[in-house]
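Derivation of every value follows stated rules applied to the coordinates shown; laboratory data play no part. This one's a predicted model, so the numbers in the text were calculated from it and none came from an experiment. Heads up, the Cβs are rebuilt from the backbone with ideal geometry, glycines too, and the neighbour counts pull from every protein chain shown.
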Amino acid sequence: MSTSKRERERARLREQKWTQRQTDARARRRRAWTIAGAVSGVAVVAGVTVLAINANTPDKTYTLAPPSAAQDRAWTGELRTSAGDVAFTLDGQAAPQAVANFVSLAREEYFDGTDCHRLTTEGIFILQCGDPTGTGGPGYDFGPVENAPEDGLYPAGTIAMARTEAGTDTMGSQFFLVYEDTTLPTTTGGYTVFGKITSGLDVVRAVADAGTADGTGNGSPATPVTIEGVETQ
């Protein structure tokens with residue numbers, strides 16, 4: 001087979017695989033529980049709390065980075081936002097898939113210009129970010145959950161992946177910053193902890209102190225938070 005034919009065949013196979021992944025992702029999304037209302041950060045289903053995301057496919061195609069891209073090491077970085085900067089570390093050893101995904105999306109400027117669209121201030125204390133629409137993801141899902149705390153405790157400063165209630169393989173780009181110690185159910189499979197805030201927790205707490213735009217304990221933050229850029233190294 002000539003070089004050009006091999007290249008065309010490889011391109012055809014890549015397209016085939018991508019189409020299948022998209023089909024699988026759509027099937028998972030159809031199984032996901034639909035959250036009522038435009039802004040609903042925490043859903044309670046039969047007493048089980050789930051940090052929920054709804055899934056949309058963006059116009060641009062993004063590809064899930066392999067876990068090996070996390071390089072089995074610690075990463076440092078900074079989340080630059082309109083409310084202030086948040087420095088962090090990422091654990092590429094404990095959560096290689098989530099770290100590889102986050103670093104890859106950050107380098108592709110996926111997060112730039114996106115809003116942190118969800119704030120919860122009652123029982124669960126998180127600021128949720130990571131999607132251009134606030135209702136979706138990068139067009140793919142991944143799992144399973146990595147590095148979830150066995151006791152369900154997510155200390156202040158934790159950075160973890162959001163997912164839908166459909167299963168533990170429904171992560172995409174959305175993540176949440178824990179600003180006060182938070183306990184989440186372990187019966188749902190938990191949430192991937194892939195990083196920790198090293199400075200700037202006060203920035204997130206100031207956003208939380210201002211409350212939500214509609215005055216409830218679960219909605220968009222009253223203080224708009226736009227991610228201006230993400231650096232990782």
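Quick notes on this one:
- The range 73-211 - Kirkwood radius from inverse mean 1/r over Cα pairs (Å): 14.9
- Residue separation of residue 186 and residue 199 scaled by 0.36 nm, minus their Cα-Cα distance, works out to 1.9 nm of gained length.
- Net length gained if the chain between residue 109 and residue 122 were fully extended (0.36 nm per residue, minus Cα distance): 1.5 nm
- The label point for residue 210 and the one for residue 222, both projected 7 Å from the Cα toward the Cβ, are 1.0 nm apart.
- In this simple spin-label model, placing a label point 7 Å from the Cα along the Cα-to-Cβ direction at both residue 87 and residue 61 gives a separation of 4.0 nm.
- Sequence ranges 214-223, 97-106, ranked by mean other-Cβ count within 10 angstrom, highest first: 97-106, 214-223
- HN-Hα J in Hz across the range 106-111 - Karplus 6.51, -1.76, 1.60, θ = phi - 60°, x for Gly and Pro: 4, 5, 8, 6, 4, 7
- Converting phi to 3J(HN,Hα) with the Karplus coefficients 6.51, -1.76 and 1.60 and the offset θ = phi - 60°, the range 140-155 yields 9, 10, 8, x, x, 5, 10, 6, 7, x, 5, 8, x, 8, 10, x Hz in sequence order, with x at every glycine or proline.
- Each pair of Cα atoms in the range 103-165 enters the Kirkwood radius, and Stokes-Einstein at 20 °C and 1.002 mPa s then converts it into a translational diffusion coefficient of 158 µm²/s.
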